[in-house]
Structures are given as structure tokens and as C-alpha cells.
């Protein structure tokens, strides 16, 4: 099951980029392709396009990014992410970064990791257990368990940053956030781990 959202509505306002995504955006390979999965109104498509990345927006409803149709460097792909069929875009392409915010469909986790190029960055931020007291989503099916994104990354990605807890902005919620890079199979330091990445301010 996925986190319910009205982001694809043609009347949805375009929110500012997530501060979490904006903070780690400089770590993405310069000029590398970026996928905004369940892109909604395209706030992160627009962020990375402004940083001179070719961008792909993937969603079941593209009305929220209709204004970007035909824009150079922007590809929009309409697809049902939850019908159980492989998503060709994830199967056949590799990305320098994949961004997922306010969306959860657990069966996609393996395909998301596979779609990262070596050195690719995963930026994930969505609601977690405990959010029910603040409103929707409230069903555990739509909420990450404590440490769940760390488990997704384990053995596949080097975790750069992780957070889990209550936030006050843009609204009160319980959120879980991950920034991780696919470099565990790359060169290793003397201790056997990948070389640490610099943390943006």
C-alpha cells in the first residue's frame, strides 16, 4: 500500500522543496539524471532542473506537472506504480539520484535501489509510525517503522544521514528521512568501509 496523496491534483499548490532534499542535493553527481518518484507537483523536479540535471518525473497522475510538458531536460512518465507489474523506467534506467517524498509503497524498495547508478544517491522522506495523532496518514500500512529505511539500505547503500522524529514544519508530523549512497561495492578505505562523504551544511 502507498501513502495517500492529493499531490497530483491540478489545483495542488507547488510547495517549496523539502529542506532535507535541498540540503543533500549538492552531493548528486553533476549533470547526472535525477528521478522524482511519485513526483506530485514536481517541486523536486524543479529543484534539480534548476541545478542543471536532466530530470524524470514519474507518477500515476501528471496533472501536477503539466506545465513542464515539453520542457528541455524534463521527461514525464505516467505509470501505475502499484499494480504489481515491473516499472519499466526503474528496470531499464539508472539514475544519479532518486528522490521519494511523502510516498510509501514498500514493494518498490528493491527496484528503487537497483535503479541507482554506482555512486547514486537515495533521498527518501516520508511519514512514520506515531503520525496518527497529527492526522493523515494514520494507517500503519502507510507509515514507516522505526529504522525501516536503515533496514532497506543495509548491505546496499552507505548511509550518510538519517533522522526519525517529530517535526513542526511544514506541519506537525512524525517523519523518517534517509540520505544514502550506492557505493558499498566501490573502492574501500583501510577499514573496509567506503570512504565517508562530506556532509553539506
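A short reminder: the numbers here are calculations on the coordinates, not readings from a lab. Please read all numbers here as calculations on a predicted model, not as lab measurements. Cβ placement follows ideal geometry from the backbone for every residue including glycine, while neighbour counts extend to all protein chains displayed.
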Task: Protection-proxy order for peptides 72-79, 118-125, each taking the mean of Cβ atoms within 10 Å per residue, highest first - done: 118-125, 72-79
TODO: Extending each Cα 7 Å along its Cβ direction at residue 184 and residue 75, get the distance between those two points in nm, one decimal.
DONE: 2.7 nm
- [ ] Starting from the Cα-Cα distance between residue 30 and residue 195, subtract it from 0.36 nm times their residue separation and give me the gain in nm to one decimal.
- [x] 57.5 nm
TODO: Could you tell me whether the range 19-181 comes out rounded, prolate or oblate from its Cα gyration tensor? Rule is a ≥ b ≥ c as square roots of the eigenvalues, rounded for a/c under 1.5, then prolate if a/b exceeds b/c, otherwise oblate.
DONE: rounded
Task: Beta bridges per DSSP with both ends in the chain, % antiparallel, nearest 5 - done: 45 percent
- [ ] Sort 150-158, 81-89 for me by packing, meaning the mean count of neighbouring Cβ atoms within 10 Å per residue, highest on top.
- [x] 150-158, 81-89
TODO: At 0.36 nm per residue, minus the direct Cα-Cα distance, what do residue 22 and residue 93 gain on full extension? Give it in nm, one decimal, please.
DONE: 23.2 nm
